[in-house]
Amino acid sequence: MTLCIKNARHLDAPVDLLVRDGKIVTMTPAGHHAAPEGSQIVDARGLILMPSMVDAHVHLREPGFEYKEDINTGLEAAARGGFGSVMCMANTKPVNDNASVTRFMLDRAAQTHPHGPRLCPIAAATVGLAGEEMAPLQELKDAGCVAISNDGRPMPGTELLRRVMEYGADLGLTFIDHCEDSTLARGWVMNEGPLSGSLGVKGQPPVGEAVQAARDIMLAEYLNLPVHIAHVSSALTVDIIAWGKARGVKVTAETCPHYLTLDESALDGYNTNAKVSPPLRRPEDREALRRAIKDGTIDILATDHAPHAAHEKERTLDEAPCGFTGMDLALTLTWQLVREGVISEADLHRLWSVRPAEIFKLPLNRFEPGDPADFFLFDPEEKWTVSRETLYSKSYNTPFLGQ
């Protein structure tokens, strides 16, 4: 089949796009060429043409926690949100620490979404995510894993972390670290500061994230190996990453739309839907992260999509689990940053498509001949209300409900 998208807007220019058999044929200025005879024509006037996004950090919950999310509903939320590839973390039940779990995930994705989005499993760094014994990384790579992480359970032992980074690098797998000092963070509910004090709950200091990031970066420098810092939430961690990059360390990092649009005040009133890990920080941290995605200190955006059932969030603030759903809302939230002038449309492409595909060696559509035809059309003027009826994820634990 030949598809011709006409009069779309791409990086502020009107363009026509020609696609055949799942590949880009050509993208030209609008009206430059007539549509080939017999092609399906779509008039995209008023719509923005964007490369499909890559979400490098999601929790699809299957196997084991299908009441929160499953691969079918998670990939549907991804597709509706503009994602062509999603990298799913290993904290399932059983943990994705062996090839049989990896193959199960990929089989489920092929059954439910044979034409995409692509499911890209992330291997557990350690057996059972227990932080004691390295998982069989070669087996996991051969089964289809694209990266390594102990996400949600920070790596306490630096010697084991070193071995994971070294072995992973030999396999072409980058290690993704959830940076959190588990002793400083024990029992936390939200960011540590005046608000946590006034609410009477234990806070998590941002230095705990920065300390672990500094350890990872120094180890990466010593070994001359890559490391990726997950869901950066604080200004101090941004400074540590900038320091590492200035020294030439192969460090990359991500943050999430909620750290760019919210701050700790969202938890005022004990709002469990605003409880996330790492926690929402101060307005000053949010502004530092906004600068960091613009200047490249933070390389990519990711959602950290973490669905939970409604009854799990309907608990006290200290009992409710951490996490937001994110794939349904990521583009809408990020587009608001474009509207505000925080980032440009080209920055959005870099943060959501180009850099994550480069870092994790995934298919990338640059709209050049032969590229995979992974793209979507986006109406920047459409308004909608976030509700259970408008979200495609099985869960709807987001602080943006009703907006």
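The values are calculated or read from the model by the stated rules, or taken from the named source; none is laboratory data. Fair warning: this is a prediction, and the values are worked out from it, not measured in the lab. With ideal geometry, Cβ positions are generated from the backbone for all residues, glycine too; neighbour counts draw on all protein chains shown. To get the accessible areas, we keep the full protein, side chains included, count just its heavy atoms, and leave off ligands, DNA and RNA. Shrake-Rupley method; radii C 1.70, N 1.55, O 1.52, S 1.80 Å.
Could you please find all residues in region 235-250 being touching a Leu at 6+ places or on another chain (Cβ under 8 Å) and not basic (Lys, Arg)? First the steps, then the outcome.
Residues of region 235-250 touching a Leu at 6+ places or on another chain (Cβ under 8 Å): 235, 238, 250.
Those that are touching a Leu at 6+ places or on another chain (Cβ under 8 Å) and not basic (Lys, Arg): Ala235, Val238.
A quick yes/no check of all residues on (1) open to solvent by less than 10 Å² (accessible area, probe 1.4 Å); (2) touching a Lys or Arg at 6+ places or on another chain (Cβ under 8 Å); (3) under 25 Å from Cys120 (Cβ atoms); (4) of a type outside the set (Val, Ile, Thr):
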site: Ala330; (1), (2), (3), (4): yes, no, yes, yes
site: Trp335; (1), (2), (3), (4): no, no, yes, yes
site: Val338; (1), (2), (3), (4): no, no, no, no
site: Val342; (1), (2), (3), (4): no, yes, no, no
site: Arg350; (1), (2), (3), (4): no, no, yes, yes
site: Arg355; (1), (2), (3), (4): no, no, yes, yes
Inset, instruction - Pairs only if they're at least six apart or on different chains, beta carbon under 6 angstrom, first in region 91-112 and on the phi < 0 side of the Ramachandran plot and modelled with pLDDT of 95 or more, second open to solvent by 30 Å² or more (accessible area, probe 1.4 Å) and of a type in the set (Val, Ile, Thr); list them, first residue then second. - result: Asp97/Val127
Legend entry - Hits in region 67-99 (condition: of a type in the set (D, E, K, R), over 19 Å from Ser149 (Cα atoms) and either under 14 Å from the mean Cα position of the chain (by Cα) or in a loop (DSSP other than H, G, I, E, B) (or both)): Lys68, Glu69, Asp70
Legend entry - Scan of region 168-188 for residues that are in contact with a helix residue (DSSP H, G or I) (Cβ under 7 Å, 6 or more places away or on another chain) and more than 15 Å from Asn224 (Cβ to Cβ), ordered by number: Leu171, Leu173, Asp177, Cys179, Glu180, Asp181, Leu184, Ala185
Inset, instruction - Please work out which one of (1) touching a Pro at 6+ places or on another chain (Cβ under 7 Å); (2) farther than 13 Å from Asp299 by Cα; (3) not hydrophobic (A, V, I, L, M, F, W, C) is the condition Glu221 fails and give its number. - result: (1)
Inset, instruction - Any chance you could count how many residues in region 327-344 are under 18 Å from the mean Cα position of the chain (by Cα) and under 17 Å from Phe376 (Cβ atoms)? - result: 9
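Of the residues Leu49, Leu75, Leu60, only one is over 19 Å from Val354 (Cβ atoms), out of contact with any Pro (no Cβ under 7 Å at 6 or more places or on another chain), open to solvent by less than 30 Å² (accessible area, probe 1.4 Å) and at pLDDT 95 or above; which?
On the way: Leu49 fails: over 19 Å from Val354 (Cβ atoms); Leu75 fails: out of contact with any Pro (no Cβ under 7 Å at 6 or more places or on another chain).
After applying the criteria, what remains is Leu60.
Residues in region 228-238: is at least one at pLDDT below 95 and among the β-branched types (Val, Ile, Thr)? Show your work before the answer.
Looking only at region 228-238, we keep the residues that are at pLDDT below 95, and these are none.
Checked region 228-238: no residue is at pLDDT below 95 and among the β-branched types (Val, Ile, Thr).
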Inset, instruction - Show the residue pairs that are 6+ apart or on different chains and have beta-carbon atoms under 7 Å apart, the first residue being within region 132-152 and at positive phi and surrounded by fewer than 20 Cβ atoms within 10 Å (Cβ to Cβ), the second being modelled with pLDDT of 95 or more and among the hydroxyl-bearing types (Ser, Thr, Tyr). - result: Gly144/Thr102
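Scanning for something within 22 Å of Thr398 (Cβ to Cβ) and surrounded by 24 or more Cβ atoms within 10 Å (Cβ to Cβ), does region 314-324 turn up at least one residue? So that I can check it myself, show each step before the final result.
Kept after step one, since they are within 22 Å of Thr398 (Cβ to Cβ), are these residues of region 314-324: 314-324.
Those left that are additionally surrounded by 24 or more Cβ atoms within 10 Å (Cβ to Cβ): 324.
Checked region 314-324: at least one residue is within 22 Å of Thr398 (Cβ to Cβ) and surrounded by 24 or more Cβ atoms within 10 Å (Cβ to Cβ).
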Legend entry - Neighbours by Cβ (under 8 Å, 6+ apart or cross-chain): first from region 262-273, assigned to a loop (DSSP other than H, G, I, E, B); second open to solvent by less than 20 Å² (accessible area, probe 1.4 Å) and basic (Lys, Arg): Asp263/Arg281
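Could you grab me the full set of residues in region 80-94 that are open to solvent by 30 Å² or more (accessible area, probe 1.4 Å) and more than 17 Å from Ala56 (Cβ to Cβ)? Give the derivation first.
Step one: filter region 80-94 for residues open to solvent by 30 Å² or more (accessible area, probe 1.4 Å), giving 80, 91, 93-94.
The answer is Arg80, Lys93, Pro94.
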Inset, instruction - Scan region 374-393 and report the pairs whose first residue is farther than 19 Å from Leu75 by Cα and whose second residue is open to solvent by less than 30 Å² (accessible area, probe 1.4 Å), with Cβ atoms within less than 7 Å and a gap of 6+ or a chain change. - result: Pro380/Ile48; Pro380/Trp335
Inset, instruction - Could you list, in sequence order, all residues of region 117-133 that are in contact with a helix residue (DSSP H, G or I) (Cβ under 7 Å, 6 or more places away or on another chain) and under 24 Å from Phe375 (Cα atoms)? - result: Pro117, Leu119, Pro121
Inset, instruction - Have a look at Arg282, Arg247, Arg290 and point out the one that is within 15 Å of Gly193 (Cβ to Cβ) and basic (Lys, Arg). - result: Arg282
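Please work out if Pro14 is out of contact with any helix residue (DSSP H, G or I) (no Cβ under 8 Å at 6 or more places or on another chain), loosely packed, with under 13 Cβ neighbours inside 10 Å and at negative phi.
Details: out of contact with any helix residue (DSSP H, G or I) (no Cβ under 8 Å at 6 or more places or on another chain): yes; loosely packed, with under 13 Cβ neighbours inside 10 Å: no; at negative phi: yes.
No, not satisfied.
Can you list the strands (runs of 3 or more DSSP E) lying wholly within region 1-42 that have 2 or more residues being farther than 18 Å from Pro372 by Cα and over 30 Å from the mean Cα position of the chain (by Cα)?
On the way: elements: 2-10, 13-20, 23-29.
Result: 2-10.
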Inset, instruction - Pick out the one residue from Asp107, Asp97 that is closer than 22 Å to Ala306 by Cα and open to solvent by 60 Å² or more (accessible area, probe 1.4 Å). - result: Asp107
